[in-house]
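A.B. asks: My structure is below; once you've seen it, I'll send some questions.
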Amino acid sequence: MGREQIVCEHRIREAKGSDMSDDNAGFAIRGTFMHAPRREEVEILEDAVVSVDAAGSIDGLFRPGEAGHAEALAEGRRRGVLTELPEGRCVLPGMVDLHIHAPQWPQLGKCLHLPLEEWLVRYTFPLEARYADSVFAERVYTSLVETLLANGTTTAVYYATVHLQSTMRLADICLARGQRAFVGKVAMDDPEQCPDYYRDPSAAAAIAGTRDLIAYVRTLPGNESALVRPMITPRFIPSCTDPLLEGLGALAGESGCFVQTHCSEGDWEHAFVLERYGRTDTQSLDDFGLLRRGTILGHGILLSGEDMEMIGEARAGISHCPLSNYYFSNAVFPLRAALDKGVRVGLGTDIAGGASPSLLDICRHAVNASRALEDGVNPALDAAERGRPGSRVDFRTAFWLATAGGADALDLPVGRFEPGCSFDAMLVDTRRPGSNLVVWPDADSLEDVLQKIVYNAGRDDIRKVWVQGRLVAEK
Ligand code: GUN
Ligand code: FE
């Protein structure tokens with residue numbers, strides 16, 4: 001345990017023991033903090049003190065030598081609420097997963113040999129139909145939320161299924177486990193595109209179910225701080241009728257709820273929407289009132305420059321899901337182009353289109369995909385024609401996307417260590433025996449350590465996870 005103070009460990013455990021009900025008096029941590037407050041920029045705060053108030057928000061951040069550092073240390077010690085981290089441990093912001101299909105969790109790591117439109121019909125709709133059984137839903141959703149928290153995902157944006165009851169269970173589980181979450185009842189009513197055994201019976205029923213979910217989540221006992229929020233979730237344009245899209249757009253305006261959907265994900269879907277409306281996904285979503293501040297658009301691979309401008313102006317965001325995109329999207333998302341146009345972007349696992357629950361994994365894929373786009377992938381072409389110059393991003397941008405970038409897309413005060421932000425964070429042990437994360441203290445700078453965490457840390461290296469100051473996972 002090194003310099004870590006037993007007394008503080010005890011207090012944190014006490015809070016956990018009492019159902020982690022946040023009645024502790026706040027705490028402080030002294031050690032190394034690493035974050036990426038702005039795109040392409042990481043900041044390492046060595047020997048800093050971060051103090052967290054009783055409500056779980058950061059109320060002080062003190063660098064050594066700065067006014068307040070010595071006082072914060074003394075105050076934390078006096079009150080017995082200071083944890084001093086030993087060498088080799090560092091605190092990073094918790095991560096924000098902007099795109100998860102919770103019901104697809106049992107399908108992780110299989111069935112990825114078919115294109116999207118066949119995968120949906122052959123595997124995914126039959127699996128999602130099983131969530132008519134809310135006991136099954138509870139088992140799966142509990143396993144998923146636990147796994148994501150253990151991997152450092154402190155904010156999760158979920159698609160559930162068409163079923164209201166099991167979607168409410170997902171909200172209950174996030175709240176009970178302490179995960180910050182957006183939860184959507186999937187809306188899909190078009191009998192031409194959705195099977196009879198798995199769809200909303202009508203546009204009106206889908207809208208009523210969405211309304212019911214919003215009311216339920218907003219009045220959940222214990223959710224007064226809106227840790228868990230409802231989301232309006234038309235699956236994607238092909239699965240919805242016009243009256244459903246119109247109704248959900250109106251509901252978004254009326255309720256102020258954020259919206260999520262898939263947008264220009266791949267060739268089939270993009271062409272389907274163009275054929276139906278003579279407009280792109282982005283234009284069509286805007287026509288229905290669904291392109292709004294806080295709307296999270298999944299994928300966005302085939303967006304035009306004009307689409308990106310519309311998304312940027314609307315202050316909507318894109319969930320970039322690079323792992324899933326290799327399977328379903330037919331191309332690489334032009335991440336740098338979107339960022340350069342001022343579009344808000346964060347990362348998504350897209351479980352189970354992407355076969356990993358780890359956002360650190362997704363950071364790696366975001367870097368790799370950007371490199372593939374920059375250089376191109378067809379060796380039969382001349383180098384000058386092969387790729388798209390100016391496309392690459394590095395680990396700094398990837399980590400920013402996974403934290404502050406995702407938080408900004410949701411207008412959430414998380415993802416950075418700044419006074420006023422919620423303390424959503426993860427403690428990484430960089431010296432764990434048997435880990436793939438191997439740090440050489442005499443050869444690695446602290447920025448190298450962060451880079452190595454992004455490239456090589458795994459679930460077991462993440463020793464503790466907090467959401468709003470509450471300890472929600474510990475190994
Ligand atoms: N488009 C419509 N539904 C889905 C889904 O479940 N996953 C992905 N990746 N794209 C979709
Ligand atoms: Fe998806």
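A.B. asks: Please give the per residue accessible area of the chain, computed with a probe of 1.4 Å over protein heavy atoms only, in Å².
C.D. replies: Solvent-accessible surface per residue comes out at 37 Å².
A.B. asks: Taking region 72-142, which trypsin sites (Lys or Arg not before Pro) meet the DSSP loop condition and have no more than 11 other C-beta atoms within 10 Å?
C.D. replies: Answer by residue number: K110.
A.B. asks: Separate question: Amide H neighbours of G298 under 5 Å, at least 5 residues apart or on other chains, H built in the peptide plane: list them.
C.D. replies: So G298 has HN proximity to T261, H262, C263, S319.
A.B. asks: What number does region 120-238 give for Rg over Rh if you use C-alpha atoms and the Kirkwood radius?
C.D. replies: When Rh is taken as the Kirkwood radius, the ratio is 0.97.
A.B. asks: Residue by residue through region 336-350, which ³J(HN,Hα) values in whole Hz follow from phi under the Karplus form 6.51 cos²θ - 1.76 cosθ + 1.60 (θ = phi - 60°), with glycine and proline marked x?
C.D. replies: 4, 4, 5, 4, 5, 8, x, 6, 6, 9, x, 10, x, 6, 6
A.B. asks: Separate question: Over all directions, the average projected area of the alpha-carbon convex hull for region 217-278 comes to how many nm²?
C.D. replies: 5.2
A.B. asks: A further question on this structure: With an 8 Å Cα cut-off and a minimum separation of 6 or more residues, compute the relative contact order for the chain in percent.
C.D. replies: 19
A.B. asks: Please report the carbon-and-sulfur percent of the accessible area for region 172-265; probe 1.4 Å, protein heavy atoms only, DNA, RNA and ligands left out.
C.D. replies: 54
A.B. asks: Which of rounded, prolate, oblate describes region 371-430, given a ≥ b ≥ c as roots of the alpha-carbon gyration tensor eigenvalues and a/c under 1.5 marking rounded, otherwise prolate only if a/b is larger than b/c?
C.D. replies: Prolate is the answer for region 371-430, as a/c is 1.5 or above and a/b outweighs b/c.
A.B. asks: Please list the radius of gyration and Dmax for region 18-156, considering alpha-carbon atoms only, with Å as the unit.
C.D. replies: Calculated on Cα positions, Rg and Dmax stand at 21.3, 62 Å.
A.B. asks: How long, wide and thick is region 328-454, going by the Cα atoms along their three principal axes, in whole angstroms, largest first?
C.D. replies: Ordered largest first, region 328-454 gives principal extents of 46, 38, 29 Å.
A.B. asks: Roughly how many Å is it from the Cα centre of region 233-279 to that of region 385-453, as a whole number?
C.D. replies: Each part's Cα centre sits 33 Å from the other's.
A.B. asks: Taking only Cα atoms of region 272-313, what ratio of Rg to Rh do you get with Rh as the Kirkwood inverse-distance radius?
C.D. replies: Looking at region 272-313, the ratio lands at 0.93.
A.B. asks: While we're looking at this one, here's another question. Tell me, what HN-Hα J-couplings in whole Hz come from the Karplus equation 6.51 cos²θ - 1.76 cosθ + 1.60 at θ = phi - 60° for each residue of region 397-404, using x for Gly and Pro?
C.D. replies: Residue by residue, region 397-404 yields 5, 4, 6, 4, 4, 6, 10, 5 Hz.
A.B. asks: Treating only the Cβ atoms of Lys and Arg (+1) and Asp and Glu (-1) as charged, compute the dipole magnitude of region 398-468 about its Cα centre; round to the nearest 20 debye.
C.D. replies: I would put it at about 280 debye.
A.B. asks: Looking at region 65-144, which GluC sites (Glu not before Pro) are DSSP coil and have at most 14 other C-beta atoms within 10 Å of their C-beta?
C.D. replies: Within region 65-144, the qualifying GluC sites (Glu not before Pro) (loop, at most 14 other Cβ atoms within 10 Å) are E66, E87.
A.B. asks: Would you work out which of V217, C194, Y277 lies farthest towards the positive end of the dipole of the chain, given +1 charges on the beta-carbon of Lys and Arg and -1 on that of Asp and Glu, about the Cα centre?
C.D. replies: V217
A.B. asks: I need the shape label for region 235-334. Rule: rounded when a/c is under 1.5, else prolate if a/b > b/c, else oblate, with a, b, c from the alpha carbon gyration tensor.
C.D. replies: Taking the square roots of the gyration eigenvalues as a ≥ b ≥ c, region 235-334 is prolate.
A.B. asks: Continuing with this model, one more query. For the chain, count the residues as N, evaluate 2.2 N^0.38 Å, and divide the Cα radius of gyration by that value, please.
C.D. replies: 0.97
A.B. asks: Mind checking the angle between helix 305-314 and the chain's longest principal axis? C-alpha axes, 0 to 90 degrees, to the nearest 10.
C.D. replies: 60
A.B. asks: Now, a different point. Taking the Cα centre of the chain as the origin and placing charges on Cβ (Lys, Arg +1; Asp, Glu -1), which of A473, F417, S356 is farthest toward the positive end of the dipole?
C.D. replies: Selected residue: A473.
A.B. asks: Using the Karplus curve 6.51 cos²θ - 1.76 cosθ + 1.60 with θ = phi - 60°, work out ³J(HN,Hα) for each residue of region 224-232 in order, rounded to whole Hz, and write x for Gly and Pro.
C.D. replies: Result, ordered by residue: 4, 8, 6, 4, 10, 10, x, 9, 7 Hz.
A.B. asks: Can you check what the net charge comes to around E374, using other residues whose Cβ is under 11 Å from the Cβ of E374 (Lys, Arg +1; Asp, Glu -1)?
C.D. replies: Combined, the nearby Lys, Arg, Asp and Glu give +4.
The values are calculated or read from the model by the stated rules, or taken from the named source; none is laboratory data. Not measured: the values here are computed from a predicted model. All Cβ positions, glycine included, derive from the backbone under ideal geometry; neighbour counts span all protein chains shown. Ligands, DNA and RNA are stripped out before the accessible areas are found, and what is left, the full protein with its side chains, is counted by its heavy atoms. Shrake-Rupley method; radii C 1.70, N 1.55, O 1.52, S 1.80 Å.
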